[in-house]
Every structure is written in structure tokens, then in C-alpha cells.
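The numbers here are math on the coordinates, done by the rules we state, and not lab data. Keep in mind that this is a model prediction, so the values were computed, not measured. Here the Cβ is made from the backbone with ideal geometry for all residues, glycine too, and neighbour counts use every protein chain on show.
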Amino acid sequence: MSFACMKMAVNEIDWQDLRLLLSFSEGGTLQEAAKIHGITPSTVSRRIRSLEERVGVRLVENVSGHLVVTPQGDDALTAARAMKDH
């Protein structure tokens, strides 16, 4: 399922939440994403979970004790990068 086809329209998604997902992906940890945005790692986690609830799919999952982006999360990142470039 592409990100555009998820539960809500892409234009209704909070860009700030997508930026946090993008920073998590690029930095590799919640801590790095938090440092970039000047917030706590728990806030990053909460905002990503909120985004997941709104779109209706898991974007990040715990694999062997490490958080990784899911295939659906990769779709969301593609959308985030496209938005960032415009």
C-alpha cells in the first residue's frame, strides 16, 4: 500500500511528524532525531506513534531491540523527501 493510499490523505498529515520520521531514519535513533529538533526522544516516539495511528499502519517497528523503518515507513519517507524538496 503506497503512503498516498493509506487511511488519510497525505495533505492532512502534519509535516512536522513526517520530518521527525525522516530525521529518525537519517539519524538512526530516536535520540539523534530528538537532538536535531531540540525535543526529547520520548516526544519523537510519541509523535511517530501518533502519525502511525492517523495513517493506520506501522511506520517503525522493533526488530531485535532496534527500531527500524517498515516498508510502509519507507513509502512515508519517500513522500517526506518529496515534500522536503518542494
Completion exercise
Checked region 19-86 with the C-alpha gyration tensor, a ≥ b ≥ c its square-rooted eigenvalues, rounded below a/c of 1.5, otherwise prolate if a/b is larger than b/c and oblate if not; verdict rounded
Practice task
Convert each backbone phi in region 26-41 into a coupling constant with the Karplus relation 6.51 cos²θ - 1.76 cosθ + 1.60 (shift: θ = phi - 60°), then list the ³J(HN,Hα) values in order as whole Hz, x for Gly and Pro.
Solution key: 6, x, x, 9, 5, 4, 5, 4, 4, 4, 4, 9, x, 10, 8, x
Handout entry: Ranked by how many other beta carbons lie within 10 Å on average, peptides 61-68, 73-80 from highest
Key = 73-80, 61-68
